[in-house]
Amino acid sequence: MAIRNYILVCGGTGCESSHSDEIYQNLLAEAEAQGVGDEVQVVKTGCFGFCEQGPIVKILPEDSFYVQVKPQDAKELISEHIIKGRQVERLLYNIDTLKQKTAKVDDIEFYKKQYRIVLRNCGFIDPENIDEYIARSGYEALEKVLFDMSPDDVIAELKIAGLRGRGGAGFPTWMKWNFTKMQQNEIKYVACNADEGDPGAYMDRSTLEGDPHTVIEGMTICGKTIGAHQGFIYIRAEYPLAIHRLEVAMAQAREYGLLGKDILGSGFDFDIEIRLGAGAFVCGEETALLQSIEGHRGTPQPRPPFPAVKGLWQKPTCLNNVETWANVPVIITRGGAWFNKIGTKDSPGTKVFALTGKVKNSGLVEVPMGTTLREIIYDIGGGIIGGKKFKAVQTGGPSGGMISAENLDTPIDFGGLSAIGSMMGSGSMIVMNEDDCIVDVAKFYLNFSVDESCGKCAPCRIGGRSLLNILEKFTSGNGTHEDIDKIKAISHAMQVGSLCALGQTAPNPLLSSLKWYADEYEAHIVDKKCPAGKCKKLITYVIDPDKCIGCTACARKCPVGAISGEVKKKHTIDASICIKCGACMASCKFDAISVH
Amino acid sequence: MAKMTLADLRALRDAKKVDIKKRATEGKEGRVIIGMGTCGIASGAKVVLDEFLTQLDKYGITNISVTQTGCMGLCSVEPTIEVIVPDMPDIIYGNVDKATVETIVKEHIIGNKLVNDHIIDRPASDIMSDDGDK
Ligand SMILES: Cc1cc2nc3c(=O)[nH]c(=O)nc-3n(C[C@H](O)[C@H](O)[C@H](O)COP(=O)(O)O)c2cc1C
Ligand code: SF4
Ligand code: SF4
């Protein structure tokens, strides 16, 4: 007898702890008992990432999604679903509650909060085979733009769509294209920002690796619209696979006549060159990036003039981010009105996030704008690793802010994130739990900005360093309340006086954390303690005499011989020798060592 | 192929559309798709790809193609692969290593049974699917 149904039981840790194994065993036994043992296969799967509703059972091919299943439900699932072919309504996930939330996107599957526009082909097509891209409506948008639409039609469509730049600032894309188009100049350029320098970000890299043609098509459409014949992709040399896939894709597009002279016989010429960056974060800033493409040192320039007016070699240049480009072909084929219905009024469409840090399912996530942080972290990300407590999430990289638990239900879009003191940025999302020290994290981001500052202007160069010095004081127990006032004054000077957004936004992680985690700063300043046990100068390791059995494991592990004690006698740590490496704590099997 | 005209491109797309849709319909030829983004490769996707070719050879299976794709977005369970064979639901497996490959070939591809503990749910709905135009 052939198998006709597959029953998938979630075997992730969350569901496992709520008896999914018992459910699995019961389903096996019931299938046998009810005589369909050879017609169904029961399998345990990896985590479905929907732990909140677990344990989860899914039955294929119907794709029925059962939630909060109990071991005693196995009998009914077999007798009703498998034998009679009727879904067990009471266990089905309640679609109605979710429909309200996602009513704007009617074809979204209810439990899948992700919706892929930018990543539509990633993980589906072979990126090194242009035919597969073409088969998925690839270069259809370019056809339309070359033969059926005027440049003004294209800009109008982008305006209806309401697409905003995904590189961080959220500038309306149609406006940027329109400015560049309006310039009277024989020579114009199109440029793609694939510098992607924030810690924890890899959205653009993955897009280029998984679907390089969408960026090439988007740029070509822009060339036709604004009147440019040459494009540049600025990508960091640390992305060899993305570069390779782009090169393959460009070669194939040229062979097919989709790049180069007289594209598809339309008379329009357009080609693209790759320029490698050396991995400086500041080179992602648009004016610095253009300098770098020209072969100069990558330092930001005063604006205006904006690149749309005077960009590469003083010619009008339209620069967009990888993800922005990837949205363009879809908007042209599906229409601006379709796109505009997805997401929020403030920010239509989707956003790709690189979800990392202390979250169970780290990965690339594409969700409609307006999805909440809670949905991303808990429903898609599966919650915090090891059942620990959520502490903060940083969006926007070193330019963004830390977001606390109070604001987890904020719908994410450009406006929503700014309102809570962070920003969209390019889409890195780093989750922190109770083991992370907020002051230490603020120091990490500030350190990054100070390292990456180009040093051209004083507020950023000197201000950043001064802020870092103050944070050093906090983490070594020398902070005072006056320092907080200083932070505010210096930050203000940086925000208003820095030439580029690197300096203007560098204080954000610090300022946002001061606002939401004042207690933790107080603990460092007043009590000279680090509640998370991260700041080495503020912690001591101690052995609990009631728990220590004198096994000597820790004394043997300690690299500096700070632990003394005889076999089977209580051990002690000499704080004046201890270097706070934590090796002893990891070695104790009796949980006798703790941090204070 | 030489440079295309508009008509050539449309003809090619129509032809290839049929191929790519076959992946989701009955009677298709089988396919194993390996997620080969930086994350996949770093966690051993290349080894997995090679092992699939070896194992398919070993069992004399010739109607299953092995292809690569970009990141499926499931970086915490890389390497990820998708197995598409006739009369079986399309399945994504995660945390696949060399040893799992043979199990997948023997059980899933030859035996039409799913492999325990490695199935991962598809991350998102697909805007390009037939009903995506709603
Ligand atoms: C320090 C700094 C780094 C930046 N890094 C990037 C980057 O890596 N990628 C990017 O697309 N934009 C980056 N930007 C934003 C760009 O200046 C620019 O706004 C963006 O590329 C415009 O494209 P969009 O309109 O499509 O968003 C950065 C800005 C600053 C100030
Ligand atoms: S703000 Fe910082 S990075 Fe930007 S130009 Fe000034 S010194 Fe350079
Ligand atoms: S490892 Fe733990 S139990 Fe053993 S001596 Fe050290 S503190 Fe005591």
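The values are calculated or read from the model by the stated rules, or taken from the named source; none is laboratory data. Please read all numbers here as calculations on a predicted model, not as lab measurements. A quick note on method: Cβ atoms are made from the backbone with ideal geometry, for glycine too, and the neighbour counts reach across all protein chains shown.
Odds and ends about this structure:
- Flag if residue A:396 is more than 16 Å from ligand 2 (Cβ to nearest atom), within 14 Å of chain B (Cβ to nearest Cβ) and either in contact (Cβ under 8 Å) with a residue 40 or more places away in the chain or in contact with a helix residue (DSSP H, G or I) (Cβ under 9 Å, 6 or more places away or on another chain) (or both): no
- Of the residues contained in the range A:208-215, one or more are found to be surrounded by 24 or more Cβ atoms within 10 Å (Cβ to Cβ), modelled with pLDDT of 95 or more and away from chain B (no Cβ under 12 Å).
- A count restricted to the range A:166-207 and to residues that are part of a strand (DSSP E or B), more than 23 Å from the chain's Cα centre (by Cα) and without any contact (Cβ under 8 Å) to a residue 24 or more places away in the chain stands at 0.
- Test: residue in the range A:318-333 that is within 12 Å of chain B (Cβ to nearest Cβ), within 23 Å of residue A:393 (Cβ to Cβ) and out of contact with any Phe, Trp or Tyr (no Cβ under 8 Å at 6 or more places or on another chain): no
- Residue check for residue B:87: modelled with pLDDT under 85, facing another protein chain (nearest Cβ under 7 Å) and part of a loop (DSSP other than H, G, I, E, B): no
- Residue within the range A:310-331 that is under 22 Å from residue A:457 (Cα atoms), part of a loop (DSSP other than H, G, I, E, B) and touching a residue at least 24 places away in the same chain (Cβ under 8 Å) present: yes
- So residue A:535, is it of a type in the set (A, V, I, L, M, F, W, C), within 30 Å of residue A:483 (Cβ to Cβ) and under 42 Å from the mean Cα position of the chain (by Cα): yes
- If you go through the range A:169-200 and keep only what is surrounded by fewer than 24 Cβ atoms within 10 Å (Cβ to Cβ), near ligand 1 (Cβ under 8 Å from one of its atoms) and hydrophobic (A, V, I, L, M, F, W, C), you end up with A:169, A:171.
- Only residues that are at pLDDT 90 or above, closer than 21 Å to residue B:93 by Cβ and either within 7 Å of chain A (Cβ to nearest Cβ) or in a loop (DSSP other than H, G, I, E, B) (or both) were counted in the range B:1-35, giving 1.
- Selected residue (only one of A:143, A:157 is more than 30 Å from residue A:504 (Cα to Cα), more than 14 Å from chain B (Cβ to nearest Cβ), in contact with a helix residue (DSSP H, G or I) (Cβ under 7 Å, 6 or more places away or on another chain) and more than 16 Å from ligand 2 (Cβ to nearest atom)): A:157
- Checking residue A:254 against (1) part of a helix (DSSP H, G or I); (2) at pLDDT below 95; (3) surrounded by fewer than 23 Cβ atoms within 10 Å (Cβ to Cβ), the condition it does not meet: (2)
- Matching residues in the range A:97-131 - criterion: being at pLDDT below 90 and assigned to a helix (DSSP H, G or I): A:97, A:98, A:99, A:100, A:101, A:102
- Filtered residues of the range B:59-80 (kept if touching a residue at least 12 places away in the same chain (Cβ under 8 Å) and either more than 24 Å from residue A:116 (Cα to Cα) or in a strand (DSSP E or B) (or both)): B:59, B:61, B:63, B:64, B:65, B:66, B:67, B:68, B:69
- For the range A:553-568, filtering for residues that are surrounded by 13 or more Cβ atoms within 10 Å (Cβ to Cβ) and more than 21 Å from residue A:477 (Cβ to Cβ) leaves 8.
- The range B:104-124, residues that are surrounded by 18 or more Cβ atoms within 10 Å (Cβ to Cβ) and more than 8 Å from every other protein chain (Cβ to nearest Cβ): B:104, B:105, B:108, B:109
- A Cβ distance below 6 Å, combined with a sequence gap of six or more or placement on separate chains, defines the contacts here; from the range A:275-299, residues that are within 14 Å of another protein chain (Cβ to nearest Cβ) reach no residue that is within 16 Å of ligand 3 (Cβ to nearest atom) and not aliphatic (A, V, I, L, M).
- Just one of (1) hydroxyl-bearing (Ser, Thr, Tyr); (2) farther than 29 Å from residue A:296 by Cα; (3) within 18 Å of the chain's Cα centre (by Cα) fails for residue A:445. It is (2).
- Residue A:246 vs. criteria among the hydrophobic types (A, V, I, L, M, F, W, C) and part of a helix (DSSP H, G or I): yes
This table checks each residue for (1) in contact with an Asp or Glu (Cβ under 8 Å, 6 or more places away or on another chain); (2) farther than 28 Å from residue A:498 by Cα; (3) in a helix (DSSP H, G or I); (4) assigned by TED's automatic domain parsing to the domain that holds residue A:173.
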{"residue": "A:279", "(1), (2), (3), (4)": "yes, no, no, yes"}
{"residue": "A:283", "(1), (2), (3), (4)": "yes, no, yes, yes"}
{"residue": "A:289", "(1), (2), (3), (4)": "yes, no, yes, yes"}
{"residue": "A:295", "(1), (2), (3), (4)": "no, no, no, yes"}
{"residue": "A:301", "(1), (2), (3), (4)": "no, no, no, yes"}
{"residue": "A:304", "(1), (2), (3), (4)": "no, no, no, yes"}
{"residue": "A:361", "(1), (2), (3), (4)": "no, yes, no, no"}
{"residue": "A:364", "(1), (2), (3), (4)": "no, yes, no, no"}
{"residue": "A:378", "(1), (2), (3), (4)": "yes, yes, yes, no"}
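- Among the residues making up the range A:548-578, a single one is of a type in the set (Gly, Ala, Ser), under 12 Å from residue A:590 (Cβ atoms) and outside any helix (DSSP H, G or I): A:550.
- Residue under evaluation residue A:166, criteria (1) surrounded by fewer than 24 Cβ atoms within 10 Å (Cβ to Cβ); (2) more than 9 Å from every other protein chain (Cβ to nearest Cβ), criterion not met: (1)
- A single entry from A:533, A:503, A:550 fulfils the requirement of being within 16 Å of ligand 1 (Cβ to nearest atom) and either in the same structural domain as residue A:468 (by TED's automatic domain parsing) or surrounded by 15 or more Cβ atoms within 10 Å (Cβ to Cβ) (or both): A:503.
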